[in-house]
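Here's the structure, in structure tokens; my notes come after.
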Amino acid sequence: MATLEDLGVSAFINILGAFVFLILFAVLRIQPVNDRVYFPKLYLAGKRHHGDHSARSAVRRFVNLNLCTYVTFLSWVPGALRMTEAELVAHAGLDSAVYLRIYTLGLKIFLPIAALALLVLIPANVSGGTLLDLRKEVVFSDIDKLSISNVNPGSNRFFIHLLMAYVFTFWVCFMLYKEYSNVAFMRLHFLASQKRCADQFTVIVRNIPRISSHSTSETVDEFFRRNHPDHYLGQQPVYNANRYAKLVKKRERLQNWLDYYQLKFERHPEKRLTRRTGCLGFCGREVDQIDYYRARISELERKMASERQKVLNDPKAIMPVSFVTFDSRWGAAVCAQTQQSKNPTQWLTDWAPEPRDVYWQNLAIPFFSLSIRRFLISAAVFALVFFYMIPIAFVQSLANLEGLEKVAPFLRPVIEVNVVKSFLQGFLPGLALKIFLYILPTVLMIMSKVEGYVSLSSLERRTASKYYYFMLVNVFLGSIIAVYLAEEYQGQLE
């Protein structure tokens, strides 16, 4: 059973870890080799140049040898705290400003609630004394004395808990409402201050019916000229070019390797860079690295040209999807938010994502398979949430070492060591849980891609939604249930 000492060890390790990472960030931030990593916008704005370090020695290009900067390496913190919200939006963007507001919202919610709990709830619980009267019958720790379990059944102190529950709920809802209003205003102001973007005037149309006498482009053009004659501007059909996209990505990887070896050769022209053409570069004929990648890129470009012509000349490559552009935001909004056909499964419209936000692979998925995909993924997410309870329950059971000792007596000599016991109860359950949660977003993102959403932002939102339900069921409810079952099991053993 966790004690105050265990919580102290856990808090110390986490605070120490946070401080170490802050120091590492501050030190790595001032190293010249990381300049482009931490200040990319300054390079894009032309305020910093790579040539600034050209006159320095080889060591100074990678390591900051100015000792004064190490004394003031945290000087950026006061400047960041003094920065107004408008300056933050202009400097780092709206997303960064909202991200920081989430932390300030947490403080606004937590600090008043913590103050009320310390001044009202904990004194009411500590003065209850129920656990002290039952110490011969119930096993408890010092932490339990601070909880509601220390209040006598039928005591008027329960009305304090009831009142505080309403106060806490009202405060959380009030702060969330205020924050939502502020963020919504910030978003509208940000959009109004931006230049016109193509996605603000464009609608994506899916499940376009095929007409034997017309191409997909002609069908779309005729439909929107007839139904939206005042605002329709043009349309762009979508081709199933997934194979071509794979070739483009492969060419980008080869081009990156070619640029890398060319830069390496420019720095040391006396060295000839070679590789073998066989498996993983360990066998085969020895060739020049630069010539090898140039030949690979030339060969790949021929394949890309052939694949591109194949896509453009194949009528079956045109998918029943099109991007339709209007001459006003109002026209695009009307089209995106209204049903276009008597058949509710045809001419489906929605706001088009930004070109960089389109997840092109999912545009080729047939519309009628989307419902099946989403049903199967919903079942898979339910199974994932349910079966993840098993490792979560095992990890949380480590917080109850007494029961673990009785199940595995051979571990008792190790567990009884104070350092090991504090580590297992205070830190290990949280660490193991974080490892489980670290791989979870990747799994949920793959599931969201299978569902068939056509924008990266939609994929991220769906992944975040799945992650939220997982955290609610497993981490919050699961942890409470697991600890309760572990304590009940310990009581049965005794």
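Taking the conditions (1) modelled with pLDDT of 90 or more; (2) farther than 18 Å from Ile318 by Cβ in turn, Trp347 satisfies each one other than (2).
Yes/no per residue for (1) surrounded by 14 or more Cβ atoms within 10 Å (Cβ to Cβ); (2) among the polar types (S, T, N, Q); (3) closer than 30 Å to Ala124 by Cα; (4) modelled with pLDDT of 95 or more:
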{"position": "Ile160", "(1), (2), (3), (4)": "yes, no, yes, no"}
{"position": "Leu163", "(1), (2), (3), (4)": "no, no, yes, no"}
{"position": "Met175", "(1), (2), (3), (4)": "yes, no, yes, yes"}
{"position": "Ser193", "(1), (2), (3), (4)": "no, yes, no, no"}
{"position": "Ile204", "(1), (2), (3), (4)": "yes, no, no, no"}
{"position": "Ser215", "(1), (2), (3), (4)": "no, yes, no, no"}
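Looking across region 157-207, the residues that are in a helix (DSSP H, G or I), polar (S, T, N, Q) and in contact (Cβ under 8 Å) with a residue 24 or more places away in the chain come down to Asn182, Gln200.
There is at least one residue in region 389-404 that is at pLDDT below 70, out of contact with any Pro (no Cβ under 9 Å at 6 or more places or on another chain), more than 30 Å from Lys316 (Cα to Cα) and outside any helix (DSSP H, G or I).
If you go through region 447-480 and pick out every residue that is farther than 21 Å from Phe368 by Cα and of a type in the set (Gly, Ala, Ser), you end up with 5.
Taking Ala18 as the residue in question, decide whether it is surrounded by 12 or more Cβ atoms within 10 Å (Cβ to Cβ) and either modelled with pLDDT of 80 or more or within 30 Å of Ser147 (Cβ to Cβ) (or both). Break it down into steps so the answer makes sense when it comes.
Working: surrounded by 12 or more Cβ atoms within 10 Å (Cβ to Cβ): no; either modelled with pLDDT of 80 or more or within 30 Å of Ser147 (Cβ to Cβ) (or both): yes.
Taking the combined requirement at face value, the residue does not satisfy it.
If the condition is being surrounded by 14 or more Cβ atoms within 10 Å (Cβ to Cβ) and over 24 Å from Gly93 (Cα atoms), then region 21-40 contributes Val27, Gln31, Pro32.
Test Leu424 against the criterion of being modelled with pLDDT under 85, crowded, with 17+ Cβ neighbours inside 10 Å and either not acidic (Asp, Glu) or not assigned by TED's automatic domain parsing to the domain that holds Pro353 (or both), and give yes or no. Yes, satisfied.
Taking region 298-348, which residues are assigned to a helix (DSSP H, G or I) and aliphatic (A, V, I, L, M)? Lay out the reasoning, then the answer.
Filtering region 298-348 for residues assigned to a helix (DSSP H, G or I) gives 298-313, 315-317, 329-336.
Within region 298-348, Leu300, Met304, Ala305, Val311, Leu312, Ala317, Ala332, Ala333, Val334, Ala336 qualify.
Residues that are in contact with a helix residue (DSSP H, G or I) (Cβ under 8 Å, 6 or more places away or on another chain), under 30 Å from Ala80 (Cβ atoms) and modelled with pLDDT of 85 or more: list the helices (runs of 4 or more DSSP H) wholly contained in region 90-148 that include at least 2 such residues. Write out each step before concluding.
Details: elements: 94-116, 122-126, 130-133.
Ranges flagged: 94-116.
Please go through region 306-330 and give me each residue that is touching a residue at least 60 places away in the same chain (Cβ under 8 Å), touching a helix residue (DSSP H, G or I) at 6+ places or on another chain (Cβ under 8 Å) and not hydrophobic (A, V, I, L, M, F, W, C), ordered by number. Across region 306-330, the qualifying residues are Glu307, Arg308, Pro320, Ser322, Thr325, Asp327, Ser328, Arg329. Take the conditions (1) in contact (Cβ under 8 Å) with a residue 60 or more places away in the chain; (2) surrounded by 11 or more Cβ atoms within 10 Å (Cβ to Cβ); (3) assigned by TED's automatic domain parsing to the domain that holds Trp347; Arg210 misses just one of them, which is (2). Inspection of region 33-45 finds a residue satisfying the criterion of being touching a residue at least 12 places away in the same chain (Cβ under 8 Å) and not basic (Lys, Arg).
For Ser369, the stated conditions hold: it is more than 19 Å from Tyr239 (Cβ to Cβ) and either part of a helix (DSSP H, G or I) or assigned by TED's automatic domain parsing to the domain that holds Leu440 (or both). Close Cβ contacts (under 8 Å, 6 or more residues apart or on different chains) running from residues in region 244-271 that are under 17 Å from Ala295 (Cβ atoms) and without any contact (Cβ under 8 Å) to a residue 40 or more places away in the chain to residues that are β-branched (Val, Ile, Thr) and surrounded by 15 or more Cβ atoms within 10 Å (Cβ to Cβ) comprise Leu258/Ile290; Leu258/Ile297; Tyr261/Ile290; Gln262/Ile290; Phe265/Ile290.
The values are calculated or read from the model by the stated rules, or taken from the named source; none is laboratory data. Keep in mind it's a predicted model, so treat the numbers as computed, not measured. So basically every Cβ, Gly included, is an ideal-geometry build from the backbone, and we count neighbours across all protein chains shown.
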